[in-house]
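Here, each number is a calculation from the coordinates, and none is a lab measurement. Just so we're clear, the structure is a prediction, and the values are computed from it rather than from any experiment. Here the Cβ positions follow ideal geometry from the backbone for every residue, glycine too, while neighbour counts run over all protein chains shown.
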Amino acid sequence: HLYSWSRFGHVFKCNSNITAEATFDERLLAYDIVIFDFGLMNIVLKMSKCVANYLDGGYLRFFWCVEHTSALLILLAVLSLDLKKIWLYWPALFMQSSFVLGMAILSMATTPKILEAISTRVDSHLTTLLSIYVCGVLLNWMFTLVLWHHYWDMEKVVRSLEENSGTEQRNTIQQHRRNNQSLYYC
């Protein structure tokens, strides 16, 4: 978004109709990496722009990216530090859950066209684009599932610490992680 804004004066100048001789700028802005679209929607839906440009010109996508990045940075801090503030997980849980829900809706909406494209023409290019999309969606669902389970585990630990605050104050989240390392390395 920042590159598009600084170079072209548009928040998301995305044009999916690129040729094999396209420049670096054209290729960089032709792909919608947030939804793992490296040309799949151009083939399947016959769209000349990215999905975000059809919705609102890319402005909501820009603000969503800022919010999601901020939420993931907060999550990184929470995971790296010994913080007992369970509410700091909430921004990442909300943004990630919203993202995978949106990807599920996009997948369901495009399934008929994807099936039509697969039934008429299957080549290595389409297979690669579809594989990238499916892998991206599945990995995000798995990340969301792991994130929620980790949150529930930390919530249980924090609740147990609060109940035993007078007697076992030394039992921190870091000690819990050390005692249960096998859970985090499977």
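Residue exposure proxy: R159, R61, ordered by other Cβ atoms within 10 angstrom of their Cβ from fewest to most, comes out as R159, R61. With 0.36 nm allotted per residue and the present C-alpha distance subtracted, the S97-S131 stretch has 10.0 nm of extension available. Put in order of Cβ neighbour count within 10 Å, fewest first, the listed residues V100, V134, V146 become V146, V134, V100. Cα convex hull, the range 67-162: 101 Å³ per residue, rounded to a whole number.
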